[in-house]
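The values are calculated or read from the model by the stated rules, or taken from the named source; none is laboratory data. All values derive from a computational prediction rather than experimental measurement. Cβ placement follows ideal geometry from the backbone for every residue including glycine, while neighbour counts extend to all protein chains displayed.
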Amino acid sequence: MSYDKELAAAKKAASLAARLCQKVQKALLQSDVQSKNDRSPVTVADYGSQALVSYVLQQEFPSEFSLVAEEDSKDLRKDAAQELVERMTKLVNDSLASDGSYSVTLSTEDILKFIDSGKSEGGPEGRHWVLDPIDGTKGFLRGGQYAIALALLDRGKVVLGVLACPNLPLTSIRDQQSPNDEVGCLFFAEIGGGTYMQPLDGSSAVKVQVTAVENPEEASFFESYEALHSKHDLSSSIAEKLGIKAPPVRIDSQAKYGALSRGDGAIYMRLPREGYREKIWDHAAGCIVVTEAGGVVTDAAGNPLDFSRGKYLDLDTGIIVTNQKLMPLLFKAVRESLEEKASSL
């Protein structure tokens, strides 16, 4: 089955959202930052991105629409958020106007409803869009990496994914960066169709592949920027077992999946602390972007990720990503390190 129409809509929605986010990041104001219950900051761009993506997808697929997304409008309906909501409304309408495809002006209430249309629970039946409107909010706030991550589930399987990474260089992130480097990448993949990358400005796409490195000593690895999201000490132990000499590349968001899909690094380890439950929007798009580029994504027990169980990925310990040749070695090192850690407690 072809998902070409859905992929085109997803690319359009994510690109529009990326433009809005770029605009906000350039002029980040203190009043744009709120706090969530988990204390991670959320911004006007986060909500605006979700509203835009929801609007575009509902215009393209009005009869069959289900969205599993991170945000809701609860905090935006409080009096203290009025200024933020007004600014977000203007940003969303400006973004739609600049695109030229939609001659519409949305009211604040319209936008809040589009945000709230992301309340689906997902599951194994039917089709569900899965969105993280800004993955890597802390990276966004500090001017680092973030991604707009959008995927489509069909009967519980990820069938397409788009990662818009506004700050990711078009060349390898491992190269020496200069302020003049072009940034802004759009990665996209459809099941059975490979993975492609193009500049966010929409110019021509190129097919990408994960690295062919077979010797772990020559590999480099990605991990989360925030130690809260992954145990850096455990990653170091695993890297030592593999003989990896390069220091870890720590960046925020699913931009890591995009960078890995084009061969910037060979391994990504996400080993969160006990009690943390991974959410499907943090991995759905990135997972297919890597697997269609020839990579392998499993939990720490070697099981493929199961996106059919609702909003959460209930998995063993963490997530490991690499190419087919390195996966047996990585898996062995992960299991040994986890067993050593357990026996030392």
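Observations, loosely collected:
- Candidates Arg127, Arg155: the one that is out of contact with any strand residue (DSSP E or B) (no Cβ under 6 Å at 6 or more places or on another chain) and at pLDDT 95 or above is Arg155.
- Selection of helices (runs of 4 or more DSSP H) fully inside the stretch 176-291 by the criterion of at least 3 residues being surrounded by 24 or more Cβ atoms within 10 Å (Cβ to Cβ) and either outside the structural domain of Arg309 (by TED's automatic domain parsing) or at pLDDT 95 or above (or both) returns 255-261, 284-291.
- Number of the exception - Leu112 against (1) under 16 Å from the mean Cα position of the chain (by Cα); (2) in a helix (DSSP H, G or I): (1)
- Whichever residue in the stretch 199-225 is aliphatic (A, V, I, L, M) and over 18 Å from the mean Cα position of the chain (by Cα) and, among such residues, is nearest to Ala266 (Cα to Cα): Ala219
- Top-ranked residue in the stretch 189-246 [being of a type in the set (Gly, Ala, Ser) and in contact with a Phe, Trp or Tyr (Cβ under 8 Å, 6 or more places away or on another chain); ranked as nearest to Leu150 (Cα to Cα)]: Ala189
- Count of the stretch 140-170 residues which are assigned to a loop (DSSP other than H, G, I, E, B), closer than 19 Å to Ser66 by Cβ and in contact with an Asp or Glu (Cβ under 7 Å, 6 or more places away or on another chain): 1
- Checked across the stretch 22-37, the condition of being crowded, with 21+ Cβ neighbours inside 10 Å, assigned to a loop (DSSP other than H, G, I, E, B) and at pLDDT below 95 holds for no residue.
- Meets criteria (modelled with pLDDT of 90 or more, surrounded by 13 or more Cβ atoms within 10 Å (Cβ to Cβ) and assigned to a helix (DSSP H, G or I)) for Leu7: yes
- Filter pass, Val159 being under 17 Å from Ala293 (Cβ atoms) and touching a Phe, Trp or Tyr at 6+ places or on another chain (Cβ under 8 Å): yes
- Residue that is surrounded by the most Cβ atoms within 10 Å (Cβ to Cβ) [pool: residues in the stretch 54-64 that are farther than 18 Å from Ala285 by Cβ and modelled with pLDDT of 95 or more]: Tyr55
- Within the stretch 292-302, the set of residues being in a loop (DSSP other than H, G, I, E, B) and under 17 Å from Ala333 (Cβ atoms) comprises Ala300, Ala301, Gly302.
- The residues listed here are Ser343, Ser308; of these, the one that is hydroxyl-bearing (Ser, Thr, Tyr), part of a loop (DSSP other than H, G, I, E, B) and more than 12 Å from Arg270 (Cβ to Cβ) is Ser308.
- Subset tally (residues that are among the β-branched types (Val, Ile, Thr) and under 18 Å from the mean Cα position of the chain (by Cα)) for the stretch 303-345: 4
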